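K.L.:
Got a structure here, written out as structure tokens. Questions coming.
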Amino acid sequence: MVEKTPAQKALVKLGLTRDIDLALHLPLRYEDETRITPIRNAREGDMVQIEATVTACEVQLRPRRMLKVVVDDGTGSCELTFFSFYPSHQKAMAVGARLRVRGEVKGGFWGRQMLHPAFRKAEGELPAALTPVYPTVAQLPQAYLRRAVASALARVELPETLPPELQPPVARFDRENGLQGTWSLRESLLFLHHPTPDVALATLQDHSHPAWQRLKAEELLAQQLSQLTAKRERARLRAPELRPAHAAGALALHEQLLARLPFSLTLAQRRVGAEIAQDMARSVPMHRLLQGDVGSGKTVVAALAATVCMDAGWQCALMAPTEILAEQHFAKLIGWLEPLLAARGQQVAWLVGGQKKKQRNAMLEHIASGAAALVVGTHAVIQEQVRFKNLALAVIDEQHRFGVAQRLALRQKLEHDGMEPHLLMMSATPIPRTLAMSYYADLDVSTIDELPPGRTPIVTKLIADSRKHEVMERIGAQVAAGRQVYWVCPLIEESEALDLSNATATHVELSEALPGVSVGLLHSRMPTAEKKAVMEEFKAGRMGVLVSTTVIEVGVDVPNASLMVIEHAERFGLSQLHQLRGRVGRGAAASACVLLYSTGDSGRLGETAKGRLKAMAETTDGFEIARRDLEIRGPGEFLGARQSGDALLRFADLATDTALLDWARATAPQLLDGHPLLAEQHIQRWLGGKSDYLKA
Ligand code: ADP
Ligand code: MG
């Protein structure tokens, strides 16, 4: 095999392997080389191309070494300055040479100048179209990429995948004849790579040009098609039908659980519970996301689903992204279920990473034999050695923190007699409507939109960290009044060591500032037993202040905790801040969240940090937070690992392209049903081999 050049390797790395990939690699911006501006007409700040003859070319040494070239076109002259140059520059720009020079004009005291302009010999005709500038990387020169794209464009076949009756709502306006049909994909691509100079550049810049609209419509359609295909594929799979048992005499498990709960379910909990029950009763695997704000009571809904599953004689698995979260999130649930299961001779199995071999083997046996009806843990649950007897329901908490590969592994794991288990994913980060309609189109969503009664609203305050000592004093008063406080230290530059020293220092500082108060510390390097001990102290109310790093994620449910302090809040993501804040306000006491921010050396907060903190101060509504988060960050972060599938929209913008999204949603089923081959062709064109990722 021939060794690839660095440029070829870079093409592969950018995913530009097929002709269609190159054709869909669209310019970032354009350079106008189509016209020549007389020097006399070039004004300060203009980006122009001039054609002129060199009248002087010399190397100057003061104030530093540079090449000074003067060109003249008969209407005026312009001085070109190069701080870095090679002998070849001097040769090409020797006196008498005729050049085309392109750059930004500076009109200094000494006349017109350009700094490091692009130049070439003045020969050949001027191009008729704007010159594309493509996004690229260092190993891939612009000129090489331009040639690669141009030859791909010339070769590629772009058959229309949209029949006439399913064209997107992108009209073409013809100056002479008015509205005239639509832009085809071929036309749109050719135009966007080489637009004519009369185009309004702003419409290319903001993607509002009809050619862009056409492309975005196609892209959104590809995404909808692949989601719809995934959904239909799943609908062909079989899953065990799980219906609530109605035991004669004894109460069914779910009835026993309901009887044990110290509260009654909210209306929202009943509604989503019914939606889930309906799914599980079907012979098609459930693929449902349960979303609800922090503290909205998702766990008990999951517990009820688990009882139905176990009552029907099947196994249920519960997973959280970390060991500590698994313990915290499921502690109550296990507390409720364990006695009920024990009464029927069944048990709960734990599977986590750092387990002792002996213990782990025992667990694996219980899982394989079916003695463990409920399996709780982390990713360890989906490891290869784990064999279930008959898994029928998997619940994933904080689903966005599980990778695509892990979700795929899970589905495969669950195979049982050609069946797949039901899948219930839970998330406290609600998916904004547009995302639910696009990336998550193959997912059924249940939403808990109501908090259990008796919660008090949380007051959020933004305080500059120069006033940290005041906050510390306030903590003293809170603790004296019998309250408990969380103090969260941020992750610094992803360095666990620094992260730790920071938390340790804060711990010392707080301990000194609050004599007589028990201040605990929790961080990721602590042995599990020690972590547990600290948690226990805090839960039992014997510890007034808990200092922790986010690696740990304060996920405990301590209703008495009523103050949350987050240090360097400007470094956190919005949904992370919201999650952390949700740890207080769980009891009847008035709660507060203090966001300490630092402006660093610049003395100013960045725009996005400001936006996040403002959103936190203005609302406690998880949906509103999610909507603003989408606005601030774009969809990437919401999708978590899904972005590694490269399935993110490249061109369409969900915030502005809602009309196109609606069109794509309506069109996908029509194309798939009416023209399955075209649909397949369309998916291949846009997603190539990547569509698998969307199915996880
Ligand atoms: P999340 O949705 O964040 O996972 P949890 O399931 O942990 O929320 O519930 C938060 C707290 O609210 C828990 O202490 C739980 O026992 C309690 N809770 C759940 N449902 C209700 C309800 N209907 N009434 C009162 N308290 C409830
Ligand atoms: Mg939870």
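The values are calculated or read from the model by the stated rules, or taken from the named source; none is laboratory data. If you're wondering where the values come from, they're calculated on a predicted model, not measured in any experiment. FYI the Cβ positions are ideal-geometry reconstructions off the backbone, even for glycines, and counts take in every protein chain you see. Surface accessibility is based on the protein's heavy atoms, side chains included, excluding ligands, DNA and RNA. Shrake-Rupley method; radii C 1.70, N 1.55, O 1.52, S 1.80 Å.
K.L.:
From the phi angles alone, apply the Karplus equation (6.51, -1.76, 1.60; θ = phi - 60°) to the range 83-88 and give each ³J(HN,Hα) in whole Hz, x where the residue is Gly or Pro.
P.N.:
Once rounded to whole Hz, the list reads 8, 10, 7, 10, x, 4.
K.L.:
Which FRET efficiency value, to the nearest 0.05, do you get for Q139 and A666 by plugging their Cβ-Cβ distance into 1/(1 + (r/R0)^6) with R0 = 41 Å?
P.N.:
Numbers: r = 43 Å, r/R0 = 1.04.
Plugging the Cβ-Cβ distance into 1/(1 + (r/R0)^6) gives 0.45.
K.L.:
A follow-up question, please. Spin-label point model (7 Å from Cα, Cβ direction): what's the S283 to A533 distance in nm?
P.N.:
5.6
K.L.:
Something else: Taking the convex hull of the Cα atoms, report for the chain its projected area averaged over all directions, in nm².
P.N.:
Numbers: hull surface 162.3 nm².
For the chain, averaging the hull's shadow over all directions gives 40.6 nm².
K.L.:
Explain nothing, just compute: Karplus ³J(HN,Hα) = 6.51 cos²θ - 1.76 cosθ + 1.60, θ = phi - 60°, for every residue of the range 148-158 in order, whole Hz, x for Gly and Pro.
P.N.:
Going residue by residue, I get 4, 5, 4, 6, 5, 4, 6, 7, 5, 8, 10 Hz, with x marking Gly and Pro.
K.L.:
So which of K358/K389; K468/K614; K9/K121; K532/K610; K298/K531; K216/K298 end up more than 28 Å apart by C-alpha? Can you show the working numbers first?
P.N.:
Values: K358/K389 20 Å; K468/K614 19 Å; K9/K121 31 Å; K532/K610 36 Å; K298/K531 25 Å; K216/K298 37 Å.
Flagged as over cut-off: K9/K121; K532/K610; K216/K298.
K.L.:
For H287, list long-range residues whose amide hydrogen, built 1.01 Å from N in the peptide plane, is under 5 Å from its own amide hydrogen.
P.N.:
The answer is L423, D444.
K.L.:
Quick one: which residues, 5 or more positions from R238 or on another chain, have an amide H under 5 Å from its amide H? H modelled 1.01 Å from N in the peptide plane, none for Pro or chain starts.
P.N.:
E420
K.L.:
Work out the FRET efficiency for K9 and Q684 from their Cβ-Cβ distance, taking R0 = 22 Å, and round it to the nearest 0.05.
P.N.:
Working: r = 24 Å, r/R0 = 1.11.
For R0 = 22 Å, the calculated efficiency reads 0.35.
K.L.:
In addition: Provide the per-residue ³J(HN,Hα) series for the range 367-375, in order, calculated from phi with Karplus coefficients 6.51, -1.76, 1.60 and θ = phi - 60°, each as a whole number of Hz, with x at glycine and proline positions.
P.N.:
6, 5, 7, x, 4, 8, 7, 10, 10
K.L.:
Within the range 34-72, name every residue whose backbone N is under 13 Å away from a label modeled 7 Å from Cα of E104 along the Cβ vector.
P.N.:
It comes to 44-48, nothing else.
K.L.:
Quick one: which residues, 5 or more positions from R29 or on another chain, have an amide H under 5 Å from its amide H? H modelled 1.01 Å from N in the peptide plane, none for Pro or chain starts.
P.N.:
Sorted by chain and number, the residues that satisfy this are V133.
K.L.:
What nm distance separates the two modelled labels at A588 and N560, each placed 7 Å from Cα along Cα→Cβ?
P.N.:
A separation of 1.5 nm, rounded to one decimal place.
K.L.:
Of the accessible area of the range 458-619, with the probe set at 1.4 angstrom, what percent is carbon plus sulfur? If you can, show how the numbers build up before the last one.
P.N.:
Details: 3540 of 6930 Å².
Carbon and sulfur together cover 51 percent of it.
K.L.:
Please report the spacing between the Cα centers of the range 21-54 and the range 424-490 in Å, no decimals.
P.N.:
51
K.L.:
Sticking with this one: Contact order normalised by length for the chain, with contacts defined as Cα pairs under 8 Å and 6 or more residues apart; what percent is it?
P.N.:
Numbers: 1215 pairs, mean separation 88.0, N = 696.
Value for the chain: 13 percent.
K.L.:
State the extension gain, in nm to one decimal, for the chain segment bounded by V95 and V459, taking 0.36 nm per residue of separation less the distance between their alpha-carbons. The partial results should precede the final answer.
P.N.:
Numbers: separation 364, 0.36 × 364 = 131.04 nm, distance 7.28 nm.
Full extension from V95 to V459 adds 123.8 nm.
K.L.:
Using a 1.4 angstrom probe, figure out how much accessible area the chain has per residue, in square angstrom, rounded to the nearest whole. It would help to have the intermediate numbers written out before the result.
P.N.:
On the way: 32190 Å² over 696 residues.
Result: 46 Å² of accessible area for each residue.
K.L.:
How far is it, in nm, from the label point at R270 to the one at A480 when both lie 7 Å from their Cα along the line to the Cβ?
P.N.:
In this crude label model, R270 to A480 measures out at 4.7 nm.
K.L.:
Using a 10 Å cut-off on Cβ atoms, rank the peptides 83-95, 475-487, 62-74, 366-378 from the highest mean neighbour count down. Provide the component values of the computation, followed by the final result.
P.N.:
Values: 83-95: 12.6, 475-487: 19.1, 62-74: 15.1, 366-378: 20.7.
Going from most to least packed, we get 366-378, 475-487, 62-74, 83-95.
K.L.:
Suppose R0 equals 22 Å. What FRET efficiency, 1/(1 + (r/R0)^6) with r the Cβ-Cβ distance, do T75 and E125 give to the nearest 0.05?
P.N.:
On the way: r = 21 Å, r/R0 = 0.97.
Calculated transfer efficiency: 0.55.
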